[in-house]
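Note sheet for the following structure.
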Amino acid sequence: MILPTPSQTVGPFFSLGLPWSDGPYAVPEDAPGAFWLRGVVVDGAGEPVPDALIETWQADPAGRFDHPDDPRGAVATPGFRGFARCPTDAEGRWAIRTVRPGPVPGPDGTLQAPHIDVSVLARGLLDRLVTRIYFPDEPANAGDPVLSGIDPIRRPTLVAKESDDGLVFDITLQGDHETVFFAF
Amino acid sequence: MAEWITPAPYRSDVEGEQPPLAVPTYGSTALRSPRQPLVVLPQGLTELTGPLLGEGRVGALDHDLTRQHEGEPQGERIEVFGRVLDGDGRPVRDTLVEMWQTNAAGRYRHAGDRHPAPLDPNFTGAGRAMTDGEGRYRFVTIKPGAYPWRNHHNAWRPAHIHFSLFGQAFTQRLVTQMYFPNDPLFDQDPIFNSIRDPAARQRLVSAFDLDATTPEWSLAYRFDIVLRGREATPMEDA
């Protein structure tokens, strides 16, 4: 076994190397069911974080991943990438274009509610932060093994809210409404 | 549908080998590090898969930062190369490696960089490469410079190159920095020293490799990158 390379901050100037023009598109713009998922990243003083990068990874509407380790076979959605990345702007805002994923098998034969995994990278974060986006009005949330394990007071930080053209998911790095972050 | 086996999970971080999120000597962590403990997320298919990027994204000259403009950039020409491996020593093949850095004078080509050092019209400072079947990658660039930042009195960042990797799974995602051997600025840099285990810290330092230099052309530094390995090798079908 070899020990892993340690993480370091992405720094404030990652926009030289990481963003792409089509980065925010997990699906083609006009994919059936596509919507905008938008949010703001704020710090412990409630100030927007203008130098963060948001990355998302998710299953397709059938609950399949575009990856050979998904033992159920290839994704069924043409043009589906499942990955998006978007830097925050001067007001801390980010947005990705995506579709709602299907439910995904969990450990021990359980079914996980539809969700999107998120990485948050920024100056001042020596390692990325990981969170999850769940969907509002999703009956499967009640039985989701991850969501059910979270303190009910903090659980709403993991659930997106409806908006005019899609969904909103704000990320609070620190403080009273701090987003739940995960380790694995 | 055939019966299927969940892929084996990836190993968790070991104490001291990864930086803590709150580091008092690194000012920007003060308002950005979560105060609540991280919640352990069981590794399901979302975490055991990940974006396989690169196909169609890397141009022929993306790995050579000295040939992205009409003229040659100023500075000490270097090759940076190595292998991307997982924690079991297996090569991570066909994976995207992204990198970015300052120019030779220690300035990023970025509107937010206020260091009064010259910009180089022939240097952007970003590169992309794919690993080959053995997990190898290679960049041609110039040695980045040190630069001051306002973290503490007379704070200077050691010369470094930022690296970004995805591996094969969401759990393997890594953003790190490569440093150069024997840098006199190591001792006062809170970002480098955020890795508390001195042996782990040294894994961020590249090795000068005289044998890999190109005579009368460029010096060479080797930087091997190790992503998390699996907990256990999945059982082969009987």
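Worth a mention:
- Anisotropy class of chain B from Cα gyration tensor, a/c 1.5 cut: oblate
- The GNM of chain B, with springs linking C-alpha atoms under 10 angstrom apart, assigns the highest mean-square fluctuation among B:Arg114, B:Arg93, B:Arg35 to B:Arg35.
- Highest-fluctuation residue, A:Thr110, A:Thr172, A:Thr56 considered, GNM on chain A with Cα pairs under 10 Å: A:Thr110
- FRET efficiency for the pair B:Asp88 and B:Ala111, taken as 1/(1 + (r/R0)^6) with r the Cβ-Cβ distance and R0 = 41 Å, rounds to 0.45.
- Average Cα contact separation per residue, chain B, under 8 Å, 6 or more apart, as relative contact order %: 27 percent
- The mean sequence separation of alpha-carbon pairs under 8 Å and at least six residues apart, normalised by the residue count of region A:18-172, gives a relative contact order of 28 percent.
- Antiparallel DSSP beta bridges within region A:9-131, as percent of all bridges there, nearest 5: 95 percent
- What you get for the protein assembly as shown, charging only the Cβ of Lys and Arg (+1) and of Asp and Glu (-1), is a dipole of about 720 debye around the Cα centre.
- Between A:Asp30 and A:Asp89, full extension at 0.36 nm per residue minus the direct alpha carbon distance yields a gain of 18.8 nm.
- B:Arg150 versus B:Glu76: modelled label distance in nm, points set 7 Å from Cα along the beta carbon direction: 3.0 nm
- Rounded Å value of the spacing that divides the Cα centres of region B:82-132 and region B:140-176: 8 Å
- Using a Förster distance of 25 Å, the FRET efficiency for B:Arg222-B:Ala60 (Cβ separation, nearest 0.05): 0.60
- Shape call, the protein assembly as shown: gyration tensor on alpha carbons, a/c limit 1.5: prolate
- The protein assembly as shown - share of DSSP beta bridges that are antiparallel (%, nearest 5): 75 percent
- Ellipsoid semi-axes in whole angstrom, largest first, where each is sqrt(5λ) of the Cα gyration tensor of region B:52-158: 28, 18, 12
- Note: chain A, Cα convex hull, 150 Å³ per residue.
- Of the solvent-accessible surface of region A:45-124, computed with a 1.4 Å probe and all protein chains present, 54% belongs to carbon and sulfur.
- Loss of accessible area when B meets A, both sides summed, Å² nearest 100, probe 1.4 Å: 6500 Å²
- Signed unit charges on C-beta, dipole axis of region A:29-184, positive-most listed residue A:Val118, A:Val75, A:Thr179: A:Val75
- A crude spin-label estimate for the pair B:Gln202 and A:Asp170, with each label 7 Å from Cα along the Cβ direction, gives 4.8 nm.
- Sum of side-chain charges, B:Leu204 neighbourhood, beta-carbon under 12 Å (Lys, Arg +1; Asp, Glu -1): -3
- Per residue, chain B exposes 47 Å² of accessible surface when a 1.4 Å probe is rolled over the protein heavy atoms with every protein chain present.
The values are calculated or read from the model by the stated rules, or taken from the named source; none is laboratory data. These numbers were taken from a predicted model, which means no experiment stands behind them. Heads up, the Cβs are rebuilt from the backbone with ideal geometry, glycines too, and the neighbour counts pull from every protein chain shown. Side chains included, ligands, DNA and RNA excluded: accessible areas come from the protein's heavy atoms. Shrake-Rupley method; radii C 1.70, N 1.55, O 1.52, S 1.80 Å.
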